[in-house]
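The values are calculated or read from the model by the stated rules, or taken from the named source; none is laboratory data. Every value quoted in this text rests on a predicted model; they were computed, and no experiment measured them. Don't worry about glycine lacking a Cβ; one is built from the backbone with ideal geometry, like all the others, and counts go over all protein chains shown.
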Amino acid sequence: MTPLSNLPQNTALLDSLRSQGVPEERRTCAYEGWELHTHPDLMERLESLAPRWPVLATFGVPVLAANGIAAVVALSMGTLLVRLPAAPTESLERAPAFPPLTDPGQGWYSVCPWQSGLSSADAKRLLTLLVQRALSYSASLSEGGSHERRG
């Protein structure tokens, strides 16, 4: 099971991750009972972009959430999905789309977590700001709208 809240705001994400999730087998790299769908380097990168936020294991994928609503998802080796009210305005390198979540109007945007065209410091600074914006936006989608550090 997943600790990500089963709220209406998470339905599309949970459905998508559940459809690709594979229960852990002894010969696979496992993540909280599911086959891992994210490279460990990307998991580490996600944790470094939001060091005080808990990372939730969701069908083999690490997710950051605010007030129980998913805000950032780390996929494969090179994709961060961020939930925002509009596309990121920063000139960040995009990552491959993840339909249907990244389809127009769905509120998820795909960015590269490594930003090879920027210095390491600039990439981390811009991505950290983007992740914080996604967390703030997700918090605003909850009933209370408060900005708390909880899954």
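Kindly provide the set of residues from region 5-20 that are assigned to a helix (DSSP H, G or I) and buried (at least 16 other Cβ atoms within 10 Å of the Cβ), ordered by number.
Within region 5-20, GLN9, ASN10, ALA12, LEU13, LEU14, SER16, LEU17 qualify.
State which residue is modelled with the lowest pLDDT when the search covers only region 1-48 and only residues that are more than 30 Å from ALA123 (Cβ to Cβ) and among the polar types (S, T, N, Q).
Filtering region 1-48 for residues that are more than 30 Å from ALA123 (Cβ to Cβ) and among the polar types (S, T, N, Q), the one modelled with the lowest pLDDT comes out as THR28.
Can you tell me which of (1) without any contact (Cβ under 8 Å) to a residue 12 or more places away in the chain; (2) over 22 Å from ASP41 (Cβ atoms) is the one SER119 doesn't meet?
It is condition (2) that SER119 fails.
What are the pairs, 6+ residues apart or on separate chains, where a residue within region 92-109 that is within 16 Å of ALA71 (Cα to Cα) has its Cβ under 7 Å from a residue that is in a strand (DSSP E or B) and polar (S, T, N, Q)?
PHE98/THR79; PHE98/SER110; THR102/SER110
Scan region 105-121 and tell me whether some residue there is of a type in the set (A, V, I, L, M) and closer than 23 Å to ASN6 by Cβ.
no
Give me the pairs, please: first residue somewhere in region 69-81 and touching a residue at least 12 places away in the same chain (Cβ under 8 Å) and under 13 Å from ALA97 (Cα atoms), second residue anywhere and of a type in the set (Gly, Ala, Ser) and in a strand (DSSP E or B), beta-carbon distance under 7 Å, and either six or more positions apart or on two chains.
THR79/SER110; LEU80/ALA74; LEU81/SER110
Would you say LEU42 is under 13 Å from the mean Cα position of the chain (by Cα), closer than 22 Å to SER5 by Cβ and in contact (Cβ under 8 Å) with a residue 24 or more places away in the chain?
Working: under 13 Å from the mean Cα position of the chain (by Cα): yes; closer than 22 Å to SER5 by Cβ: no; in contact (Cβ under 8 Å) with a residue 24 or more places away in the chain: yes.
The answer is no for LEU42.
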